[in-house]
Amino acid sequence: MQQAFARSGAGRLGILAMLVAAILAPTGRAAAADEDLLSPRRLYHGVDRPIPVVLALRGRTEPPAEGFTLLLIGGDGTVVDSAEGIEPGEFDLASVLPVVPDLVRTARVQVIADGEPVGTPLVVQPLIGREPVRTVRDLRPDGETRYTRIIGHGERLLDPENEDDRAALEAMMASPDWDPGETPEPSGFRIHPDRDVVMETDFGEIRIDLAPESAPNTAWNFRHLAEHGFYDDTLVHRVVHYDRTGRRFVIQGGDPSGTGNGGPGWDLPMEPSNLPHDLGVISMARADHPDSAGSQWFIALSREGTARLDGQYCAFGWATSGAEAIARIADVEIEDVETGRPTHPPRVARMRLVPAEPLTPGEDRRLSRIRAWWTPPTDETPEGRRPR
């Protein structure tokens with residue numbers, strides 16, 4: 001089910017069709033930014049408070065003749081608000097882009113100069129609590145192991161067509177112990193320059209685009225741990241190249257202890273991410289309890305093998321490069337097939353943050369995800385007579 005970006009109308013959108021047409025570039029995504037043209041004065045901002053931000057020239061000697069343009073863009077590329085003729089200096093983002101205070105889903109502010117996206121986007125994340133997670137006890141495909149299966153959030157089912165889940169939710173609601181939970185209300189915003197995360201592994205680098213529009217707190221948790229060295233010199237301690245049906249599954253890391261039982265010392269509330277577990281998507285590993293994720297991540301190796309994880313685990317980003325590194329990690333020798341422990345676990349030397357690329361309005365960010373499984377190049381040199 002799609003959610004609206006804001007609690008009120010998008011506002012001044014009459015100019016957007018012409019503006020977007022002028023900005024769209026046939027060459028695809030713009031080059032990565034070196035600097036943050038737009039930056040907030042602080043990280044957190046309360047409800048109905050000014051949001052002071054600073055627009056800098058960053059290498060330019062003067063602003064564009066018509067001033068800068070600001071676009072408020074959703075994760076699917078939709079432009080939901082805009083402002084033109086913005087001059088360098090400090091201003092209140094909430095006044096310049098009136099839709100910002102009404103956002104209920106994460107969006108980004110992109111600076112436009114002379115018709116081109118420039119600089120790193122500014123992430124605007126509403127701080128909104130979640131609805132209670134609804135679960136049932138179920139059997140895994142082996143017919144023996146019981147586990148906790150998520151069926152929905154609040155009064156919303158993951159699969160409204162599932163009659164068993166609908167009956168289970170109706171029984172919960174009829175119980176005297178039913179807890180409807182508090183109605184989630186915005187309490188402010190977390191605003192920061194957008195960053196990607198680069199994993200430096202034994203087999204090369206993997207670049208991750210974070211998706212706070214799908215799982216804001218999970219994406220922020222991963223970014224925080226990566227930025228502050230938590231993942232440095234950790235192992236990919238679990239590799240399941242193929243599941244029981246022969247479909248590519250996952251590679252997993254993020255545990256400093258290397259045992260598969262370690263974490264950061266806290267548990268993350270499960271977020272209802274709408275990001276499918278496709279090839280290259282990164283998600284949070286957890287124990288049986290929905291709120292037991294912490295630092296361990298996994299990368300999906302195929303849609304066929306990991307589609308069943310949708311809604312059960314919290315996906316929060318995707319790999320935009322590093323397909324070869326992912327494939328080579330997935331192909332290492334396995335010491336213990338039952339646990340997926342590699343004979344020589346690949347190492348993540350460190351993770352680092354890099355500026356996210358400028359956004360092209362009208363372009364869905366998810367199109368940047370790696371699309372195909374990497375295979376080694378073949379030698380196409382024709383066979384001929386071998387020299388003696």
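Computed from the coordinates by the stated procedures, all read-outs in this text should not be read as laboratory data. Keep in mind that this is a model prediction, so the values were computed, not measured. For neighbour counting, all protein chains shown are included, and Cβ atoms are generated from backbone atoms with ideal geometry for every residue, glycine included.
Things worth noting here:
- Sorted fewest first by neighbouring Cβ atoms within 10 angstrom, Leu70, Leu158 come out as Leu158, Leu70.
- This model, with +1 at the C-beta of Lys and Arg and -1 at the C-beta of Asp and Glu, gives the stretch 107-215 a dipole about its Cα centre of some 260 debye.
- Only Lys, Arg (+1) and Asp, Glu (-1) charged, at Cβ; the chain dipole about Cα centre in debye: 620
- Positive end of the dipole of the stretch 195-355 (Cβ unit charges, origin at the Cα centre): among Asn217, Thr339, Pro264, the Cα lying farthest that way belongs to Asn217.
- D (Stokes-Einstein, µm²/s), Kirkwood Cα radius, the stretch 162-216, 1.567 mPa s at 4 °C: 80
- Remark on Ala107: its backbone amide H falls under 5 Å from those of Val124, a criterion applied only to residues 5 or more positions apart or on other chains, H modelled at 1.01 Å from N.
- The stretch 340-366 and the stretch 82-145 have Cα centres spaced 19 Å apart.
- Backbone HN-Hα couplings from phi across the stretch 76-88 [Karplus 6.51/-1.76/1.60, Hz, Gly and Pro as x]: 8, x, 5, 8, 10, 6, 7, 8, 10, x, 7, 9, x
- Under the Karplus curve 6.51 cos²θ - 1.76 cosθ + 1.60, θ = phi - 60°, whole-Hz ³J(HN,Hα) for the stretch 254-259, x wherever Gly or Pro sits: x, 10, x, 6, x, 9
- More than 38 angstrom apart: percent of Cα pairs within the chain: 26
- Net charge contributed by nearby residues that have their C-beta within less than 15 Å of Asp278 (K/R +1, D/E -1): +4
- Sorted by Cβ neighbour density within 10 Å, fewest at the top, the residues Glu116, Glu182: Glu182, Glu116
- Only helical runs count toward this figure. For the chain, summing -39,500 (n - 2.57) over DSSP H runs of n ≥ 4 and dividing by all residues gives -3500 deg cm²/dmol at 222 nm.
- Order of Trp266, Trp318 under a 10 Å beta carbon neighbour criterion, fewest first: Trp266, Trp318
- Amide H contacts of Gly317 (H built 1.01 Å from N, in plane; Pro and chain starts excluded): Ala211, Ile282 sit under 5 Å, all sequence-distant by 5 or more or on other chains.
- Amide H contacts under 5 Å for Ala349: Glu200, Thr201, Asp202, Asp233, restricted to partners 5 or more places along the chain or on a different chain, H placed in the peptide plane at 1.01 Å from N.
- Across the stretch 146-151, computed HN-Hα scalar couplings (Karplus, 6.51 cos²θ - 1.76 cosθ + 1.60, θ = phi - 60°) run 8, 8, 8, 10, 7, 10 Hz from first to last residue, x flagging Gly and Pro.
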